[in-house]
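Chemist: Sending over a structure as structure tokens; questions will come in a sec.
The values are calculated or read from the model by the stated rules, or taken from the named source; none is laboratory data. All of these numbers come straight from a predicted model, not from anything done at the bench. For neighbour counting, all protein chains shown are included, and Cβ atoms are generated from backbone atoms with ideal geometry for every residue, glycine included. Accessible surface areas use protein heavy atoms only, side chains included; no ligands, DNA or RNA. Shrake-Rupley method; radii C 1.70, N 1.55, O 1.52, S 1.80 Å.
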Amino acid sequence: GAGVSQSPRYKVAKRGQDVALRCDPISGHVSLFWYQQALGQGPEFLTYFQNEAQLDKSGLPSDRFFAERPEGSVSTLKIQRTQQEDSAVYLCASSLNTGELFFGEGSRLTVL
Amino acid sequence: QKEVEQDPGPLSVPEGAIVSLNCTYSNSAFQYFMWYRQYSRKGPELLMYTYSSGNKEDGRFTAQVDKSSKYISLFIRDSQPSDSATYLCAMEGSSNYQLIWGAGTKLIIKP
């Protein structure tokens, strides 16, 4: 596809379960970002990759959150031992370098 | 206090009206200002991008930046029901990649 693809679109997890969210960026885009968006709020920065290098992970809320982009393309955001406060939409965005961000439709996580 | 403040709305106006959406910010170092539109259950998409102070026009949309007042605006002329969405302002912070976002204003255009 031509756009940023995220899966799953919806995920329901029981508290304490691990989840993995996948992002397939636009082909050739060097930069990849993960954001967390709570209901009625703007996106909050989580982490930033340039190719396979994770240059900034300052926004990850705790050490239960982990992101990787091993081959500089597809990225996975993993959340271990999910808590109710992790419920949010997780947005992935990519860009050619540091220009316009192109967002996916997001993965909506609900932790029960 | 948040770095970027935006009234969450909802703002409801009749079709054809001129809409004014606004954000205020506290950090005078911000240089790049963006407006994104987000439809329900979709990701944000870039509408307007402005550097420093001034106006920028694109079709029915005008973005305005007043750095002296730390205030930015988005105007929509001849509003359409398809403009109903949440409008988010964003600003480029101290890094050249990290955006600081407003909470978004939900806009409803009534036919």
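Chemist: Each residue of segment A:65-78 in order: what ³J(HN,Hα) in whole Hz does its phi give by Karplus 6.51 cos²θ - 1.76 cosθ + 1.60, θ = phi - 60°, with x for Gly and Pro?
Modeler: Karplus values, whole Hz, x for Gly and Pro: 9, 9, 10, 8, 8, x, 10, x, 10, 4, 10, 10, 9, 10.
Chemist: Could you sort B:Ile108, B:Ile18 by accessible area so the largest value comes first, with the probe set to 1.4 Å?
Modeler: B:Ile18, B:Ile108
Chemist: Oh, and also: Where does the charge balance sit around B:Gln38 when Lys and Arg score +1, Asp and Glu -1, over other residues with C-beta under 14 Å from its C-beta?
Modeler: +2
Chemist: Sticking with this one: Which entries of B:Lys56/B:Lys106; A:Lys78/B:Lys2; B:Lys2/B:Lys56; A:Lys78/B:Lys42 show an alpha-carbon separation above 24 angstrom in the structure shown?
Modeler: Checking Cα-Cα distances, A:Lys78/B:Lys2; B:Lys2/B:Lys56 exceed 24 Å.
Chemist: Here is a follow-up. Got a number for carbon plus sulfur as a percent of chain B's accessible area, 1.4 Å probe?
Modeler: Answer for chain B: carbon and sulfur cover 48 percent of the accessible area.
Chemist: For segment B:4-110, what does the alpha-carbon gyration tensor say about shape, rounded, prolate or oblate, given a ≥ b ≥ c as the root eigenvalues, a/c under 1.5 as rounded, and a/b over b/c as prolate?
Modeler: It comes out prolate by the Cα gyration axes.
Chemist: Right, another one. Might you report the magnitude of the Cβ-based charge dipole of segment A:5-100 about its Cα centre, with Lys and Arg at +1 and Asp and Glu at -1, to the nearest 20 debye?
Modeler: 420
Chemist: Can you give me the distance in nm between label points at A:Glu44 and A:Ala20, each placed 7 Å from the Cα along the Cα-to-Cβ direction?
Modeler: If labels sit at A:Glu44 and A:Ala20, their model points lie 2.6 nm apart.
Chemist: If each residue of separation counts as 0.36 nm, what is the full-extension length gain between B:Ser73 and B:Asn55 once their alpha-carbon separation is subtracted?
Modeler: Extending this stretch completely gives an extra 5.5 nm.
Chemist: Mind checking which of A:Ser95, A:Leu55, A:Ile79 is farthest towards the positive end of chain A's charge dipole, using Cβ charges of +1 (Lys, Arg) and -1 (Asp, Glu) about the Cα centre?
Modeler: Result: A:Ile79.
Chemist: A further question on this structure: Round to a whole number: what % of the accessible area of segment A:20-105 belongs to carbon and sulfur, probe 1.4 Å?
Modeler: Carbon and sulfur atoms account for 46 percent of the accessible area of segment A:20-105.
Chemist: If you don't mind, there's one more thing I want to ask. In Å², nearest 100, what accessible area do chains A and B bury in total when the solvent probe is 1.4 Å?
Modeler: Roughly 1600 Å² of accessible surface disappears when A and B pair.
Chemist: At q = 0.12 Å⁻¹, what base-10 log of I(q)/I(0) does the Debye formula yield for the protein assembly as shown when every alpha carbon is treated as an equal point scatterer in vacuo?
Modeler: Listed by q, the Debye log ratios stand at -0.66.
Chemist: A further question on this structure: Can you tell me how much longer the chain between A:Leu55 and A:Val12 gets when fully stretched, taken as 0.36 nm per residue apart minus their C-alpha distance, in nm with one decimal?
Modeler: 12.5 nm
Chemist: Which whole-number value in Å³ per residue fits the convex hull of the alpha carbons of segment A:5-100?
Modeler: Per-residue hull volume (Cα only) is 95 Å³.
Chemist: To continue, here is another question. Distance in nm between label sites at B:Glu45 and B:Ser12, each 7 Å beyond Cα in the beta-carbon direction?
Modeler: Once both label points are built, they end up 2.6 nm from each other.
Chemist: Run the dipole for the protein assembly as shown about the Cα centre, Lys and Arg Cβ at +1, Asp and Glu Cβ at -1, nothing else charged, and hand back the magnitude in debye, nearest 20.
Modeler: 600
Chemist: So what is the relative contact order for segment A:5-100, in percent, with contacts set as C-alpha pairs under 8 Å and at least six apart?
Modeler: It comes to 37 percent, rounded to a whole number.
Chemist: What does the average come to when, for each residue of peptide B:99-106, you count the partner chain Cβ atoms lying within 10 Å of its Cβ?
Modeler: 4
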